[in-house]
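Structure in structure tokens, see below.
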Amino acid sequence: MVNTPTTRPSLGLANWMGVKTLYVKEVQRFFKIFSQTLIAPVITTLLFLAVFSVIFGSNRMVSGVPYVVFLGPGLIMMTILQTSFTNTSTSLIQQKLNESIVDVLMPPLSPLELSIGYILGGATRGVFVAISVGLTLILITPIGVHSVIFVIIYGLGAASMMSAIGMIT
């Protein structure tokens, strides 16, 4: 009888504890530098809003909607896309530069499990920042939500997509 090395199945049981650990590590990483990862995007978005309002004027209308109200959802989506991408890409690049990426590659996590952990971490940051920016913009502009389900679907989809793209770098 020949001894063949056992391999992990490509589909089936997953190391969910490892995925959770990687996810928690990513979330703790961006909460550790709260002012840079959560507060700075809110301030940046407010600066964008101020600049666009001054340049195009606050009385301008887009299809019968005030320009500031039209601009708000776009700024929220921009923030989701930027922060989700930035979270995964900077995490991986910092680990490569610090030569600590071995600590992530050594545990028994498959490439899919590593990807899930990083994507969930980036998407979580994107959602946290989007909520912060959204609440801030609601205080300043009369932004309304027409469909909460679409906001959740497109917000999570965009955050997950950009987190995955951030892993390519």
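The values are calculated or read from the model by the stated rules, or taken from the named source; none is laboratory data. Predicted, not measured: the structure shown is a model, and the values here were computed from it. Cβ placement follows ideal geometry from the backbone for every residue including glycine, while neighbour counts extend to all protein chains displayed.
Specify the residue that is nearest to G121 (Cα to Cα); the eligible residues are those in the stretch 22-42 that are of a type in the set (A, V, I, L, M) and surrounded by 12 or more Cβ atoms within 10 Å (Cβ to Cβ).
The initial filter retains those residues of the stretch 22-42 that are of a type in the set (A, V, I, L, M), namely 22, 24, 27, 33, 38-40, 42.
Next, only the ones that are surrounded by 12 or more Cβ atoms within 10 Å (Cβ to Cβ) stay: 22, 24, 27, 38-40, 42.
Values: L22: 8, V24: 8, V27: 6, L38: 14, I39: 17, A40: 18, V42: 19 Å.
Of everything passing the filter in the stretch 22-42, V27 is nearest to G121 (Cα to Cα).
State whether one or more residues within the stretch 63-83 are among the aromatic types (F, W, Y) and modelled with pLDDT of 90 or more.
Filtering the stretch 63-83 for residues among the aromatic types (F, W, Y) gives 67, 70.
Narrowing further to those that are modelled with pLDDT of 90 or more: none.
Within the stretch 63-83 (the criterion being among the aromatic types (F, W, Y) and modelled with pLDDT of 90 or more), the answer is no, since none of the residues qualifies.
Then there is this: I93 versus (1) without any contact (Cβ under 8 Å) to a residue 60 or more places away in the chain; (2) surrounded by fewer than 14 Cβ atoms within 10 Å (Cβ to Cβ): which is the lone unmet condition?
The single condition I93 does not satisfy is (1).
Filter the stretch 145-169 down to residues that are β-branched (V, I, T) and surrounded by fewer than 10 Cβ atoms within 10 Å (Cβ to Cβ), then give me how many there are.
3
Of the conditions (1) under 25 Å from F48 (Cβ atoms); (2) in contact (Cβ under 8 Å) with a residue 12 or more places away in the chain; (3) exposed (fewer than 11 other Cβ atoms within 10 Å of the Cβ), P108 fails just one. Which one is it?
Failed condition: (1).
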